[in-house]
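A short write-up of the structure that comes next.
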Amino acid sequence: MAAEPVEGVTQWKFGAVDLYSDILIVALIVVMITLLFSALVVHKAMKSILRVTMPELVREEEAQKRLAKAHGKGKWGRIWNNLLELRPIDEEKDMVIDHEYDGIQELNNPIPTWFNVLFYSTVVFGFAYLLVYHVFGWGLNQDQEYAQELAVAEKAKQEYLAQAANLIDEGSVQFDPAMAPAGKAIFTANCVACHGAAGEGGIGPNLADRFWIHGGEIKDVFKTVKYGVPEKGMVPWEQTLTPGQIAEVSSYILTLRDTNPANAKAPEGVEVKAYESEGASADAEETPADSTVNK
């Protein structure tokens, strides 16, 4: 997955459309190789110059190395001393360079081997990083990683929302017009036979007016759909639909009120003149329907 390119993200790699970027990459590689080669040449030249101009110092340094090697305690002790360039304090007089400034003397104490190894390893790592991420494009750059993380986070968000939707019950459900399209599909597949395609009613009551037998708020509709009304012929849907789907179809049912479809069934139950979703209080006035039919 990490090797797949992310669409819409600018990639700075060799062979891109921008010719100037390719030239810059090649120039950087050439400069890095030149600097590394120059450093090796200078190091070798300095050693040669020391051998010519200060042979005694070179011989003394070699003698000190032999002495340090001889004083090393065992194989691992020598390895440790060579790695950290450790010198005993009694050899300090042998490391003094033959000059001083205001009484301050300088020791011939070279950079430890471990530091050189660490430094050159960073150079090698930087060169490899440039090739992998900016020349050949084998790895994701920062922009691509950011876009990929956004995609993963969005997927996790959708999974969480899907799980959270199924934690809804009749006590926590809220009316949401955005869920109506999905609820319409559920209504068409499961409810049209009894309530009509437009909610005008049939075997079941009219859902397009403001009269309700079991309450017209979103929580009432959710509870009715979930548990059904077996004595009236409505089956419970909690075994067929998920809580999220029941919330969707309940929100869609509330969008049907006052749509006045053709061939609407006579009102049944109690009229709810104002709904909580419309800003009404929970104790809004309710009026019984004139119809004597009670389903």
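Exactly one condition in (1) aliphatic (A, V, I, L, M); (2) modelled with pLDDT under 75; (3) within 15 Å of Gln64 (Cα to Cα) is not met by Leu107; state its number. Result: Leu107 fails condition (2) only.
If a residue must be of a type in the set (A, V, I, L, M), touching a helix residue (DSSP H, G or I) at 6+ places or on another chain (Cβ under 9 Å) and in a helix (DSSP H, G or I), how many such residues does the range 97-129 contain? Even if it seems obvious, please write down each step before you answer.
Restricting attention to the range 97-129, the residues satisfying the condition of being of a type in the set (A, V, I, L, M) are 97, 104, 107, 111, 117-118, 123-124, 128.
Still in the list and also touching a helix residue (DSSP H, G or I) at 6+ places or on another chain (Cβ under 9 Å): 97, 107, 111, 117, 123.
Now drop any that are not in a helix (DSSP H, G or I), which leaves 117, 123.
Residues flagged as of a type in the set (A, V, I, L, M), touching a helix residue (DSSP H, G or I) at 6+ places or on another chain (Cβ under 9 Å) and in a helix (DSSP H, G or I) within the range 97-129 amount to 2.
Conditions (1) of a type in the set (Asp, Glu); (2) exposed (fewer than 11 other Cβ atoms within 10 Å of the Cβ); (3) closer than 30 Å to Leu67 by Cβ, marked per residue:
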{"site": "Leu86", "(1), (2), (3)": "no, no, yes"}
{"site": "Asp90", "(1), (2), (3)": "yes, yes, yes"}
{"site": "Ala128", "(1), (2), (3)": "no, yes, no"}
{"site": "Val132", "(1), (2), (3)": "no, no, no"}
{"site": "Asn141", "(1), (2), (3)": "no, no, no"}
{"site": "Glu154", "(1), (2), (3)": "yes, yes, no"}
{"site": "Gln158", "(1), (2), (3)": "no, yes, no"}
{"site": "Ala162", "(1), (2), (3)": "no, no, no"}
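Out of the residues in the range 14-66 that are under 30 Å from Tyr133 (Cα atoms) and among the polar types (S, T, N, Q), state the one that is farthest from the chain's Cα centre (by Cα). Full working, then the answer.
Of all residues in the range 14-66, those under 30 Å from Tyr133 (Cα atoms) come to 14-41.
Applying the additional criterion that residues be among the polar types (S, T, N, Q) yields 21, 34, 38.
On the way: Ser21: 29, Thr34: 40, Ser38: 44 Å.
Once the filter is applied, the top-ranked residue is Ser38.
Here Asp169 fulfils each of the conditions (1) under 35 Å from the mean Cα position of the chain (by Cα); (2) at pLDDT 90 or above apart from (2). Within the range 73-94, residues that are closer than 15 Å to Glu60 by Cα sit with their Cβ atoms under 7 Å from residues that are at pLDDT below 70, at 6+ positions apart or across chains, in these pairs: Arg87/Ala68. Please count how many residues of the range 227-245 are assigned to a helix (DSSP H, G or I), closer than 16 Å to His195 by Cα and open to solvent by less than 40 Å² (accessible area, probe 1.4 Å). So the answer is 0.
Taken over the range 176-226, the criterion of being within 19 Å of Ala274 (Cα to Cα), of a type in the set (Val, Ile, Thr) and crowded, with 21+ Cβ neighbours inside 10 Å is satisfied by Ile218, Val221.
Restricting attention to the range 164-175, which residues are open to solvent by less than 80 Å² (accessible area, probe 1.4 Å) and of a type in the set (S, T, N, Q)?
Our first condition is that a residue be open to solvent by less than 80 Å² (accessible area, probe 1.4 Å); within the range 164-175, this holds for 164-166, 168-173, 175.
Asn166, Ser172 - these are the residues of the range 164-175 that are open to solvent by less than 80 Å² (accessible area, probe 1.4 Å) and of a type in the set (S, T, N, Q).
The values are calculated or read from the model by the stated rules, or taken from the named source; none is laboratory data. Note that this is a predicted model, so its numbers are computed, not measured. Neighbour counts run over all protein chains shown; Cβ positions are idealised from the backbone, glycine included. Accessible surface is based on the protein model in full, side chains and every heavy atom, while ligands, DNA and RNA are left aside. Shrake-Rupley method; radii C 1.70, N 1.55, O 1.52, S 1.80 Å.
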